[in-house]
Amino acid sequence: MNLYTIFGNPVHHSISPILHNFVFKHTGYNGCYTKILVEEGEKLKDIFLTLQIKGANITVPHKEWAYRLADEVLGIAREIGAVNTWYNDNGKIVAYNTDAPGFFESVRNFDFQKVLILGAGGTAKAIALYFRHKGYEPVILNRSAKRVGYFLEKNFHAYTWDELKEKSFDLVINTTSAGLSDNNLPAPKELLEKIFSHARYAVDVIYNKETPFLQLANDMGLITKDGTEMLLYQGILANEIFTDFSIDKKRIEALMRKSLELLG
């Protein structure tokens, strides 16, 4: 049996095992997907190879470690510098980023031009660069200046909370962990209220939960969406990689959607 997992900290909330195991069960694929709490990102590779894991998803806060530890990085992940999917190719770790296309697919039907991304970690990098590839120029907003440098080097407009002057955006995306295991907002409430007063859509990458970010956006009349569809679409792409593209993509999507329905 092929073993698959999700690495992260925290990881207890992840429903990725449900999605992937549902596909494995209903297609007869010989695989099992679990989850592993990893506190130190530098240990990812040793755990992955020691347990002979065939494929893994990597979530916060280890996506940049996963990039550095991979033997080969494919696609847009090379530019992003962060990966969320590993595949074990006879002991060689091949890495991908399915977050970026997965997120874009989840908002593809929204009508927007100007995009604001909250946060400056691996997920923010993935979304920002993929949106640029699609013809958008997102603006980055982060609490501290420390991680903004990456985006400035890539010629993005990137600001700290105090520096942001423009407040008019169509789509506001939270990529931070604020609200995942607490009741925090990803930016000061007063600042978010000013931003939301001009926005149409608010999307949080956190799933299965109405975070304080989404609650505030809802209260102000925005169209909101959590990260469930991003999880779905990145999961479809990851499952294709895990199974060597042996299962039809539409079949994977249908089964994963069914598993989400059963979860309620």
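The values are calculated or read from the model by the stated rules, or taken from the named source; none is laboratory data. Remember, it's a predicted structure, so these values are computed and weren't measured experimentally. Cβ: placed from backbone, ideal geometry, glycine included. Neighbour counts: every protein chain shown.
Pairing residues of region 120-145 that are in the same structural domain as E64 (by TED's automatic domain parsing) with residues that are buried (at least 18 other Cβ atoms within 10 Å of the Cβ) and outside any helix (DSSP H, G or I), at Cβ distances under 8 Å and at least 6 apart in sequence or on separate chains, gives no pairs at all. Each residue in region 210-264 was checked for being part of a loop (DSSP other than H, G, I, E, B) and surrounded by fewer than 16 Cβ atoms within 10 Å (Cβ to Cβ), and 8 of them qualify.
Can you find even one residue in region 86-100 that is of a type in the set (K, R), out of contact with any Pro (no Cβ under 6 Å at 6 or more places or on another chain), without any contact (Cβ under 8 Å) to a residue 40 or more places away in the chain and not assigned by TED's automatic domain parsing to the domain that holds I206? Scanning region 86-100 turns up at least one residue that is of a type in the set (K, R), out of contact with any Pro (no Cβ under 6 Å at 6 or more places or on another chain), without any contact (Cβ under 8 Å) to a residue 40 or more places away in the chain and not assigned by TED's automatic domain parsing to the domain that holds I206. Scanning region 207-226 for residues that are in contact with a strand residue (DSSP E or B) (Cβ under 6 Å, 6 or more places away or on another chain) and either among the β-branched types (V, I, T) or within 24 Å of V83 (Cα to Cα) (or both) yields a total of 5. Of the residues N239, N184, N174, N208, the single one that is touching a helix residue (DSSP H, G or I) at 6+ places or on another chain (Cβ under 8 Å), at pLDDT below 95 and either in the same structural domain as G8 (by TED's automatic domain parsing) or not charged (D, E, K, R) (or both) is N208.
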